[in-house]
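As structure tokens, the structure follows; a few thoughts come after it.
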Amino acid sequence: MKRFVVAGILVVAVGLLFGCFRPNMMPIAEFVWQGDLAGEPVQFNASDSVDPDGDILTYTWSFGDGATGSGVRATHYYQSAGTFEVLLTVVDGDGALATCAKQVEVAGIAGDPMLSVQNVDSPESQEFCTCQLIRADVQNVLGPCTIDWGDGRQDIGNSAEHYYRNPAITATGELTTYKIRILNCRGEEVLNRSLYVEACCFEPPLLTVSVPRVVNRGDSFRVIVVDPDQGYTWCGDNSSRPVCQECGAYQVVRAVVNELGICLIQAKFYVLDGGIRKELVHVQELDLENPVLRIPDLPFGWYELELLAVDDDPDCDNGRQTVAVLQFRVG
């Protein structure tokens, strides 16, 4: 009986031995590529490489021009035309390696440098708005390029996409353009383009003031007026776009815009007779840097205040306007 037990143990041990120490199978290296122009990205893909044992592979690339890379996918920019031997090396978890070498033909740059800028959200439009997706594509330039969008953001590559969160505004509050600059792999500027980005659609000012029903002569009240076009921050957060508004109806003379995008805040005081507006008795233009409404020296009685705020929208001769109407009694 003991002989059978020992024999069984030996059979199990041998089975475990061969199961645990089965020979490692060699990985298989394979890759394909896309792109064949100098200065343009050439995409290499080794996802067809396999390991029969199911091990995770590591990937190392030699692009034939002295440059190397890693990862199952790699991107490389050749700086000249020619035939380059690309070598892929894959290594499995046990250290076994396999290689694959292929000849990659790279053509030279033919043609002048080109930059195309497209509104991805509105492909048929030639206008560019804040929070619309804009794509820049560079051709016939030695890459990888630096795409400088002019608002502090840079991307590396021969194509990129970008959102402008705000219109370009000068130090004095005037709308201007962004300058997109393209630098080649040596850091040399080879292309540039000015891009006018507006806050589509422009909105009228937001006006806030609180005046009680009964006031005294000389009372003052803080007026808050901002232009929402100055600071859109809803790019990419699924907020709806602002509704287009008509230009202002009042003929005005706009002053130099303040930092909040406002050119004029004007108060008009009218006498009320039986709840009906009568003659204009006072006009007050508020300081744009410190807008404070002051109740003038008016006789006791009821009045109607018409408060007008005007922004700097350049597509309207009189800007976009907001009017607030309040009634109050002096004394």
Counting only residues in the stretch 288-331 that are among the acidic types (Asp, Glu) and within 18 Å of residue 211 (Cα to Cα), the one surrounded by the fewest Cβ atoms within 10 Å (Cβ to Cβ) is identified as 297
Any idea how many residues of the stretch 295-323 are outside any loop (DSSP other than H, G, I, E, B) and under 43 Å from the mean Cα position of the chain (by Cα)?
10
Here is a check on your reading of the model: is residue 155 among the charged types (D, E, K, R), outside any loop (DSSP other than H, G, I, E, B) and surrounded by 14 or more Cβ atoms within 10 Å (Cβ to Cβ)?
yes
Got a number for residues in the stretch 70-96 being within 25 Å of residue 53 (Cα to Cα) and assigned to a strand (DSSP E or B)?
8
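Say whether the condition of being surrounded by fewer than 18 Cβ atoms within 10 Å (Cβ to Cβ) and either closer than 30 Å to residue 325 by Cα or more than 16 Å from the chain's Cα centre (by Cα) (or both) is met by at least one residue in the stretch 196-206. Quick ask: steps written out before the conclusion?
Residues of the stretch 196-206 surrounded by fewer than 18 Cβ atoms within 10 Å (Cβ to Cβ): 196, 201, 206.
Right, trim to either closer than 30 Å to residue 325 by Cα or more than 16 Å from the chain's Cα centre (by Cα) (or both) and you get 201, 206.
The answer is yes, given that some residue of the stretch 196-206 is surrounded by fewer than 18 Cβ atoms within 10 Å (Cβ to Cβ) and either closer than 30 Å to residue 325 by Cα or more than 16 Å from the chain's Cα centre (by Cα) (or both).
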Filtered residues of the stretch 18-70 (kept if small (Gly, Ala, Ser) and either loosely packed, with under 13 Cβ neighbours inside 10 Å or over 20 Å from residue 93 (Cα atoms) (or both))
19, 35, 38, 39, 47, 54, 62, 64, 66, 67, 70
Which residues, counting only those in the stretch 120-175, are more than 18 Å from the chain's Cα centre (by Cα) and either basic (Lys, Arg) or at pLDDT 85 or above (or both)?
138, 139, 140, 141, 142, 143, 144, 145
Can you pull out every residue in the stretch 186-212 that is more than 22 Å from residue 328 (Cα to Cα), in a loop (DSSP other than H, G, I, E, B) and either modelled with pLDDT of 95 or more or not aliphatic (A, V, I, L, M) (or both)?
186, 187, 188, 196, 200, 201, 202, 203, 204, 205
Boolean, residue 161 is closer than 30 Å to residue 75 by Cα, surrounded by fewer than 16 Cβ atoms within 10 Å (Cβ to Cβ) and touching a strand residue (DSSP E or B) at 6+ places or on another chain (Cβ under 9 Å):
yes
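The values are calculated or read from the model by the stated rules, or taken from the named source; none is laboratory data. Note that the structure is a prediction, hence the values are computed from the model and not measured. With ideal geometry, Cβ positions are generated from the backbone for all residues, glycine too; neighbour counts draw on all protein chains shown.
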